[in-house]
């Protein structure tokens, strides 16, 4: 099933089974978007560690040992569970890098005198 965006002349198709999410949007590379992607990914990983450690402590393991085991178990688990968040983070970082590179090349061209600076 598809819906069309009434504001565009081209009819954008979105899949109703997979609604758009903030991580599914095209990466902008803005500092806020990069920070949000980092916060989501790190927060999700910490949440997994906290849940695993909580379960281990609840079954009688000491807290420190539960945390150590949770960290070791959470690493491969979060690599599998959070592929989408990691891909979104990578996209944001790549977009920020490309934007920074383009600004740097524009500045270098202006300094060389190749391009007139916008005034």
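The values are calculated or read from the model by the stated rules, or taken from the named source; none is laboratory data. All of these numbers come straight from a predicted model, not from anything done at the bench. Note: ideal-geometry Cβ built from the backbone for every residue, glycine included; neighbour counts use all protein chains shown.
A few remarks follow.
Conditions tested, residue by residue: (1) surrounded by 14 or more Cβ atoms within 10 Å (Cβ to Cβ); (2) in contact with a strand residue (DSSP E or B) (Cβ under 6 Å, 6 or more places away or on another chain); (3) in a helix (DSSP H, G or I); (4) at pLDDT below 95.
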position	(1), (2), (3), (4)
47	no, no, yes, no
50	no, no, yes, no
55	no, no, yes, no
77	yes, no, yes, yes
96	yes, no, yes, yes
102	no, no, yes, yes
107	no, no, yes, yes
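- Scope region 37-73; condition touching a helix residue (DSSP H, G or I) at 6+ places or on another chain (Cβ under 8 Å) and closer than 22 Å to residue 87 by Cβ; matching residues: 37, 38, 40, 41, 44, 45, 48, 49
- The one condition from (1) more than 27 Å from residue 29 (Cα to Cα); (2) surrounded by 13 or more Cβ atoms within 10 Å (Cβ to Cβ) that residue 82 does not meet is (1).
- Single residue of 26, 35 found to be under 27 Å from the mean Cα position of the chain (by Cα), in a helix (DSSP H, G or I) and either at pLDDT 80 or above or surrounded by fewer than 14 Cβ atoms within 10 Å (Cβ to Cβ) (or both): 35
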